[in-house]
1. Compute the distance in nm between two label points, each set 7 Å from the Cα along the Cα-to-Cβ direction, one at Ser165 and one at Cys260.
2. If amide hydrogens are placed 1.01 Å from N in the peptide plane, which non-local residues have theirs closer than 5 Å to the one on Cys30?
3. May I ask you to evaluate 6.51 cos²θ - 1.76 cosθ + 1.60, the Karplus curve with θ = phi - 60°, for each residue of the range 318-328 and list the ³J(HN,Hα) values in order in whole Hz, giving x for glycine and proline?
4. Can you give the angle from 0 to 90° between the axis of helix 178-188 and the longest principal axis of the chain, with both taken from C-alpha atoms, to the nearest 10?
5. Specify the residue with the greatest mean-square fluctuation among Ser170, Ser301, Ser36, computed from a Gaussian network of the chain linking alpha-carbon atoms under 10 Å apart.
6. Please work out the Cα convex hull volume for the range 2-116 and give it in Å³ per residue.
7. In a solvent-free Debye calculation with one equal scatterer on each Cα, what is log10 I(q)/I(0) for the range 175-216 at q = 0.21, 0.27, 0.32 Å⁻¹, listed in the order of the q values?
8. Quick check: residue separation of His11 and Arg229 times 0.36 nm, minus the Cα distance between them. What number comes out in nm?
Amino acid sequence: MKVCFVGLKGHQGVALGQLKEAGCSLVGVCDDNEASLAAVPSWPTATPETKVFTDCRLMLDTVKPDIVVEAGTDKRRAAVIAACATRGIHVLAEKPLAFTLEELGELQHAVTTCGIQVSMLLTMRFEGAYRLVREQVAAGAVGKVCQASMQKSYRLGNRPEWQRSKETFSGIIPFIGIHALDLIRWTSGCEFTAAMAYQGNTGHPDIRDMEDNACVALKLDNGGSAVARLDYCRPAAAPTHGDDRLRIAGNRGVIESLECGTRVTLITETEGLRDLPLPLPGKQFVNFVRSIEKREVCDVSVADCFRMTEVVLKIREAARQGAAVSLA
């Protein structure tokens, strides 16, 4: 299959490193940064036939790809996906899929009408630790889920200009909170029914509109509760960019992913604390291509993509308004 990249501002490396294994060829790359485009010919997956563009629609109509990997800015994402949908091009996109709920509704209609395959770069689903947590919870290792919590703490670093404005950046909850909330939902097997959230920029005025912290409290459909803690306060001297921690507490045990997904522990009523061996990580782009070829089920379904985008956009508005929101 022929693949194009639209935007080089996100997790495009997930697909770039798996192109050959998926049996795909890179035919086009589009970005608004000419310096980024200048490096494309040196990519291991680039060929003399790989073309670069600054106009997305011109690229789509010129090289006619089968798949687009979208990794641009939040504000433009829905328009790119819609342009692909009208041309029958499958899309693996960054998150969230849309900037507003109205835009999300229009996009969902376009995707459904055109019948393309759409998935989202919820990359953490493919890490071995979280796949293991999901398997253990589904197997009943912790019993009935009572509470779930997820922490995502990132280094702030030097953020690009588009992330510093609410006109182009979706916010801390849709941008990184979507990973935390998706993992809670995906590993616990529980659906969200209501939420309340707080967010703000408390200590980093130089990033302007971009929040540096958020906290989300949620009600689960089984009567349990969940919380997600998000911040950009991880010190530059920390050994890793992120500090991710997931905890699922049930009526028969507790399972945790610690140390950025390098360790999973389980304690139950009958067994003491023990470390579980981690499975190998999955390969998201390979899975996406094989799902198009009807060889595998897509591990990040289009239904999950639209649902999680809806969830984070509603919670973002709840945080802005200081009120609870129904997610049922």
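1. That separation, rounded to one decimal, is 3.2 nm.
2. Hits under the 5 Å cutoff: Phe5, Val6, Gly7, Phe53.
3. Going residue by residue, I get 4, 5, 5, 8, x, 9, 6, 9, 7, 10, 6 Hz, with x marking Gly and Pro.
4. Between the helix axis and the principal axis of the chain, the angle is about 50 degrees.
5. Ser36
6. On the way: hull volume 10.2 nm³, N = 115.
Output value, Cα hull per residue: 88 Å³.
7. -0.75, -0.97, -1.13
8. On the way: separation 218, 0.36 × 218 = 78.48 nm, distance 2.19 nm.
Length difference between fully extended and current span is 76.3 nm.
Values in this text are rule-based calculations from the coordinates and carry no lab data. Every value quoted in this text rests on a predicted model; they were computed, and no experiment measured them. Cβ sites come from the backbone with ideal geometry, for glycine too, and all protein chains shown count toward neighbours.
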